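Working notes, beginning with the structure itself.
None of the figures in this text is laboratory data; all of them are computed from the coordinates on show. What you see is a predicted model, and the numbers here were worked out from it, not measured in a lab. All Cβ positions, glycine included, derive from the backbone under ideal geometry; neighbour counts span all protein chains shown.
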Amino acid sequence: MTMLRAHPRRRSAFTLIEMMIALVLGSAILYTTLAGMRVASQCYTIATRLSLENALIRAGFMKALDEVDFWTAYDDPTDPSLAFGGVNGGEVNRNPGLPFCPFANAPANFKPGGLPPMPNPDGTYPPIDGSLPPTNEAGLTGWNPTYNWSMSDPAVWTRANMGARGNNGNDVRFGYYGMFSGTYGQFPSGTSGLYYHYGAVTVPHQWLANQMDGLKNTLGYYGMIDYLPANTIFSYNCYKTANGQNADAVPYEFSYPAGPYTVNVFGDADGGTQVPRGLYRDTKDVSIALLPLRPQGASGAGNQATPVSSVSQAAAFLRQDYYTGQEATPANLSYFQDLTTSKSNLMGAQPANWPLVGTSVARYITADRYATVCRIGWISPTTGEHVDLSFTAFGTSLRGARQQRAQAPGGGWAQWDNGGAANASNLDTQ
Amino acid sequence: MSATWPIDEHEPYTAQLRSVRVASGRCGFTLFEIAISLVLVSFGVISILILFPMGIKAQENARFRIYAAAKALEIVESYNASHNANPAFEAEAPNAWDVHVTGRNLAPDLEARDSSYRFGMFPLPLTIAQRLDSDGDEIQTILSQGGYLYYSQPLATTGLSESGFTGANTQPPNDAQRLVMGIVGYAQNNALYAFPWKAWPYYAAYPSPPAFGNHQQSGWLPISAFKLPVSLPNMEHPSYLWEDTTDPDIRMVWSNIWPVPAFPTGAIPATYGGYYWHWLAQPYVPPTVQAPAPSPSPTVNPPNQPMASLQTATNYLACALWYATRKGLPLAFINGTAGLADVQGLFAQPPANLAQQVCALRFLAHAATTVSGYSSNPNGEPINPLAMTAGGISPAMRLTSAMITDYHEMCLAVGMRFAASYPYDWGAPRPLQRAIMTDNPLIEFDLLQPGNLLSGQTYAGGYQAQAWRPIAAQPIRNLGVSFTYPAWNLGAQGGNTLVSENPLDAGYVSFPQNPLWGDGEHDFTLFQHFAPAERCRQIVFWTVDWQSYEDCETAPSAPVDAGKYLLGAPVEGGNLNWAMTNPPFMDWQQFGYFNPEKVMVFTSSCLDLPTGSHVATEGTHDQANQGLGNAAIFNGLYGADRNANGLLDRGPVPTSVRLRAVQVGRFNYYDLRVPATIR
């Protein structure tokens, strides 16, 4: 008979203690992992959101720079119906007085090619001399896009009386500078009336005065400044009497200290200054505006920036200066910014959870500086926080922008460098 | 272990009890191994999970790279396009150290030009900047070399006056303020913004009379200077005739009678001639109609009042004709028949006194045009001879309108050509109506002669001072004297004592023996060829949340360069206090001066104020930071409202903590060496 022995038993499962310990350890590890996964998930969400925001900001930045170079907020060459204030039906932004007026549409005396100038007050016309650079300026009034305004050319030197005050301060005791230059051919006319002392003399220099007058009437103040050389003295003799003229034929427009926000008055009259002066002195306390097609402040009744609904209204905004100087109030600056800033959303439609991104560009001349102020703003869809990035930039000038555009409304962009063929006409050419 | 007991296969119970275990090796993991492996896996997984937050960091850095690109564009645009005018500052002094025009404040270097309350790049407080770490310790290297870190202005960049935005909490937060920027690389030795001994170029209209103007300190004028009476209308200070310091004969154009007699109460004698008598002869009367009233007109002016008239105008012309003849102006110019060929001939063989002939034409054209306001003679106006105190009489002639036009044309042609051909001949002012870049002479300091400095004392305070000697691209001809300090010989080496009352005196020393100047022939560098790498500098951007420091707004402003204090030039009887308070501070006309944080600095200590308090800032109260007693405000010692929200802010990070600045961009650029703008 075999005796049964008690065999040592082998374990085939975990004990309760082991299970408990294992559960605790496993739970700890699992919790840590899950926490890490949760953080990773949140990080991924945030990073994705930031990535999206960054992409939109970059797109806004590029859009702002595109606007700096192509000026589509002021003139869209592919949409001829686009006009100020969204008014359609024939109102286009290429009329005289507006910065994208083709020179071919300019007032008659400023059309390219030197067409007959303004008649003299007595109805006669001086002879036309088409030579350039001007050696005989009689009758030369039109715009020539190829002339380079050399500083050694006597035609580009201003001959206004640098010591002349406006009409209420000039007793002409130092003579009539109107006989040296002006928009007219003879000074004076006839044997009676104004300035009869010396009889009629042929004015030798008409070109510069007509260039300045023509640029002002065709493009407004900003355009006039953009086209003229940096050392320009903003004064010339003329018979244009939009606001009257003084005894030396310098118009009120460039000499009378009427103050800002007055239509057809140019320049800073700080301290009652009335003598001819350059751009810094004319803009040290005031700014010259450029009006976009959709000013951000043009929102309707009750807003200081009156919606622009007509060409003449737009032109009026471009023929005055705005107070932005050392005592400018927040209201002054807010009004000016509303007038000069164009704002648009980056995208016309977008998912609701995407941040709303807008870009704006404002252009003006202030204190002898061509300011192009860009702003990219975005609103977080989750927090509602509004953040701005603003900066200034320099790109295409107004003249360059005009040369980018084909002359005909809706003609699109001008073609340059056509492989030997002639360049297409643009806003600067005939 | 094999079974060792005998196995009785016939015993079912035994079989049931039988447990054959073949323990030749393990067949499972132990719990310990599982635990270890789980820990190792966890390490791996968590290491990967840690990378996810780095994605956020990368996106934030990408965001700041966009900001950096935008700000770099703005900085360079502002540097190139903002005007460089300072219309209401002091530009001249007997010694360079008495005015702040040659210092860093007006240097055409990017960090000097753009660090202005108007242009948006503000120095970060030094105490904060010194707590920032960066790769290669680059930030601390910049600081140790005397540079600053800069942060962006808090409000939207507009280029407009800041007065309308100060303290207004209407702008959204500017994220770009978390960017800090520094300039790496050395600035060059630049051309002087202004030559303090004589702030050339002087401009005059062509045509115009002899130059004169207000001069506050009549006591420092040369004894021989002609001073106009203070009692004249609009004469706040006495005016004096300056242009005769270049040539005493010019006095005859001013008045043919010298010394100038008292102004008569009755009619001006027929023997009196010159600009002076015509200019002051008639009190200002607004024209009632556009045609000026012919004079004399007793119905317009009170009786016995000297009147501007055809006589005073023609006598003025007579004086100008005398001067032109005296200076040897070719006859064609005097006769009013000159043409461009005569201009070319004049410059083909220029006389030694060409500058004087240029001025002669300028006066001649001005005087002739004056006659046009009074003459009505279709055959030409007779110009009668006039006797001159300096000797001789003026030539007689008959003036026609064609001659007037010719004088005017030749005046401009000769004046323009002179200015363009001889930029280093200061004998004639530059034409006001055509300013060109060559009007500004190239003058720099001679840094290569450190043992040959100018030395002396400041006028205000009497402090010892030294200055480099100036050197010009060419020797300056007809240096003359300044308008502000005509009694100072520009050849004097330092000092502030009157040396000579007349630049034509024997004591006057002209270039190149003039001890004022350095060795321009060997040490002038503005024209030297250079390799791009020699002048390339970098704008470096870092991102760091410096506004999280508890003292982000209470830390004092970065040290303000002494040149940014607008010091008054020496005046008779002036002292340090006067120099520190005159001219008055005017933000809108003094851009190269003041603490860049000026508009935001606190005007009193706010250390005891709770966070979130409204604290007064200087804003545009210009005089609040002027004068010896306001040094704390000028220097921003109380801190500044650096985010322009109108409140005192303190961040959560103590000052003992160092922050890590992460580089986000580097942009190469070149500094100008002349104070120019692009248009």
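For B:Lys598, list the lysines whose Cα falls under 17 Å from its own Cα; do not include residues on the same chain fewer than 8 positions away.
Candidates past the 8-residue exclusion: B:Lys564.
So for each of A:43-52, B:75-84, B:353-362 I average, over its residues, the number of other beta carbons within 10 Å; can you give me the resulting order with the highest mean first?
B:353-362, B:75-84, A:43-52
Average partner chain C-beta neighbours within 10 Å, per residue of A:52-60?
3
Name the residues whose placed amide hydrogens come within less than 5 Å of the amide hydrogen of B:Gln457, ignoring near sequence neighbours (fewer than 5 apart) on the same chain.
B:Ala465, B:Gly495
For A:Val286, what residues show an amide H to amide H distance below 5 Å, using hydrogens built from the backbone and excluding near sequence neighbours?
Excluding prolines and chain starts, which carry no amide H, the hits are A:Thr324, A:Ala367.
For each of B:Leu329, B:Leu672, count neighbouring Cβ atoms within 10 Å of the residue's Cβ, then give the residues from fewest to most.
B:Leu672, B:Leu329
Taking each residue in A:320-326, count the Cβ atoms of any other chain within 10 Å of its Cβ, then average. What number comes out?
Partner Cβ neighbours, averaged per residue: 3.
Give the Kirkwood hydrodynamic radius (Å, one decimal) of region B:57-139, defined as one over the mean of 1/r across all pairs of different Cα atoms.
15.8 Å
Return B:Met600, B:Met437, B:Met388, A:Met37 ranked ascending by Cβ neighbour count within 10 Å, so the fewest neighbours appear first.
B:Met437, A:Met37, B:Met388, B:Met600
Sorted from fewest to most neighbouring beta carbons within 10 Å, what does the list A:Thr72, A:Thr329 look like?
A:Thr329, A:Thr72
Once you put a point 7 Å from the Cα of B:Leu526 and another 7 Å from the Cα of B:Leu31, both along the Cβ direction, what distance in nm separates them?
Each label point lies 7 Å from its Cα, and together they span 8.9 nm.
In whole Å, what is the distance between the alpha-carbon centres of region A:361-430 and region B:33-96?
Taking the Cα centre of each part, region A:361-430 and region B:33-96 sit 28 Å apart.
Take peptides B:581-590, B:314-323, A:25-34, A:152-161 and line them up by average Cβ neighbours within 10 Å, highest first, as a rough protection proxy.
Going by the mean number of other Cβ atoms within 10 Å, highest first, we get B:314-323, A:152-161, B:581-590, A:25-34.
When the chain is fully extended, how far beyond the present Cα-Cα distance does B:Asn353 get from B:Lys227, taking 0.36 nm per residue of separation?
In short, 42.7 nm is gained.
Using the basic label-point model (7 angstrom from Cα toward the beta carbon), what is the B:Leu447 to B:Ala616 distance in nanometres?
Using points 7 Å along Cα→Cβ, the separation is 4.4 nm.
How crowded by other chains is A:384-390, given as the mean number of beta carbons from other chains within 10 Å of each beta carbon?
Partner Cβ neighbours, averaged per residue: 6.
Under a straight-distance cross-link criterion of Cα-Cα below 17 Å, which aspartates and glutamates are reachable from A:Lys216, leaving out those fewer than 8 residues away in the same chain?
Cα-Cα hits under 17 Å: A:Asp226, A:Glu253, A:Asp268, A:Asp282, A:Asp321, A:Asp428.
Please identify every one of the chymotrypsin sites (Phe, Trp or Tyr not before Pro) in region A:376-425 that sits in a loop by DSSP and has no more than 14 other beta carbons within 10 Å of its own beta carbon.
For chymotrypsin sites (Phe, Trp or Tyr not before Pro) across region A:376-425 that sit outside H, G, I, E and B with at most 14 neighbouring Cβ atoms in 10 Å, the list reads A:Trp416.
I need the shape label for region B:542-679. Rule: rounded when a/c is under 1.5, else prolate if a/b > b/c, else oblate, with a, b, c from the alpha carbon gyration tensor.
Oblate is the answer for region B:542-679, as a/c is 1.5 or above yet b/c matches or exceeds a/b.
In terms of Cα to Cα distance under 30 Å, which lysines are near enough to B:Lys57, apart from those fewer than 8 places away along the same chain?
List returned: A:Lys63, B:Lys71.
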